1. Consider Val65 carefully, then state whether it is under 23 Å from Phe192 (Cα atoms), among the β-branched types (Val, Ile, Thr) and either modelled with pLDDT of 90 or more or in a helix (DSSP H, G or I) (or both).
2. So for region 3-25 (the condition being modelled with pLDDT of 75 or more and of a type in the set (A, V, I, L, M)), does at least one residue qualify?
3. Which of the residues belonging to region 112-128 are part of a helix (DSSP H, G or I) and more than 21 Å from Val65 (Cα to Cα)?
4. Looking at region 106-120, I want the residues that are in contact (Cβ under 8 Å) with a residue 12 or more places away in the chain and have a partner that is surrounded by 14 or more Cβ atoms within 10 Å (Cβ to Cβ) and part of a loop (DSSP other than H, G, I, E, B) with Cβ atoms under 8 Å, at least 6 apart or on another chain. Which pairs are those?
5. Given the options Ile116, Ile178, Ile200, name the one that is β-branched (Val, Ile, Thr), farther than 18 Å from Val57 by Cβ and touching a helix residue (DSSP H, G or I) at 6+ places or on another chain (Cβ under 7 Å).
6. Would you confirm whether any residue within region 127-145 is charged (D, E, K, R), out of contact with any Gly (no Cβ under 6 Å at 6 or more places or on another chain), under 18 Å from Lys50 (Cα atoms) and at pLDDT below 90?
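The values are calculated or read from the model by the stated rules, or taken from the named source; none is laboratory data. Note that the structure is predicted; figures quoted are calculated from it, not measured. Reconstructed Cβ throughout: ideal geometry from the backbone, glycine too, with neighbour counts over all protein chains shown.
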Amino acid sequence: MYKWLIFQDALLEKHLIMSIRSVNESKLFELPYWSKLLMRHNLDVMHIGKNVHDNIVRTLLNDPVKSKDTTNARLDLVDLNIRKDQWLRERNGKFEKPHANFTLTKDECVEFYKFIKSVRLPDGYASNISRCATDSNTLGGMKTHDCQVLLQKILPIAILPFLNNEIQLEDMKTGIVIILCKLEKIFPSSFFTIMVHLCIYYQRRHY
């Protein structure tokens, strides 16, 4: 009887291990050549760029839906006891978010969209990005390549009038690690999704 219980426990343990593996481990690891591959994962450069674009632009423009500057992000600052000027403030029984230095004001957003609407690009370089800026001051209908063009070519020029003297633009080719370190001093923790950290590998492969 005792040996049978041990046998049952062993079967149960094996079943649990196999269940965990089936959930957390890709079936690709069962391929005979998978362990010998030099690069097991192929990073989608355009997909990474699109997600980084959304994080930066939507937060910069304080998008009410896709911005990473959320209420929970401000509460995280309280838990970490940092950036007290960005903590939620109570007024008349309600909490409000103070304006952060990494978001544009309403007037600055209007000027930003005016600039985007004035952009003209050569035929075949990208779609008409100026049409993506709507009259309600939002960006919509942008394809993945358009996001790459906006992030790499247009955004550095568009935000120049709103930068203070302490901010310096770094070259991603040589300073991606420094860029991410500087961004961590500015943006909330919710900004740093896995796609943002993948920029390190994106830089190594792209250049």
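1. Values: under 23 Å from Phe192 (Cα atoms): yes; among the β-branched types (Val, Ile, Thr): yes; either modelled with pLDDT of 90 or more or in a helix (DSSP H, G or I) (or both): no.
Answer is no for this residue.
2. no
3. Result: Lys114, Phe115, Lys117, Ser118.
4. Taking only residues 6 or more apart or on different chains, the pairs are Cys109/Leu61; Cys109/Asn62; Cys109/Asn137; Val110/Asn137; Phe112/Leu61; Phe112/Leu104; Phe112/Ile159; Tyr113/Asn137.
5. Step by step, each of Ile116, Ile178, Ile200 is checked, and only Ile200 is β-branched (Val, Ile, Thr), farther than 18 Å from Val57 by Cβ and touching a helix residue (DSSP H, G or I) at 6+ places or on another chain (Cβ under 7 Å).
6. The first filter runs over region 127-145 and keeps only residues charged (D, E, K, R), leaving 131, 135, 143.
From what's left, out of contact with any Gly (no Cβ under 6 Å at 6 or more places or on another chain): 131, 135, 143.
With the extra rule that they be under 18 Å from Lys50 (Cα atoms), the set shrinks to 143.
Then keep just the ones that are at pLDDT below 90; that gives 143.
Checked region 127-145: at least one residue is charged (D, E, K, R), out of contact with any Gly (no Cβ under 6 Å at 6 or more places or on another chain), under 18 Å from Lys50 (Cα atoms) and at pLDDT below 90.
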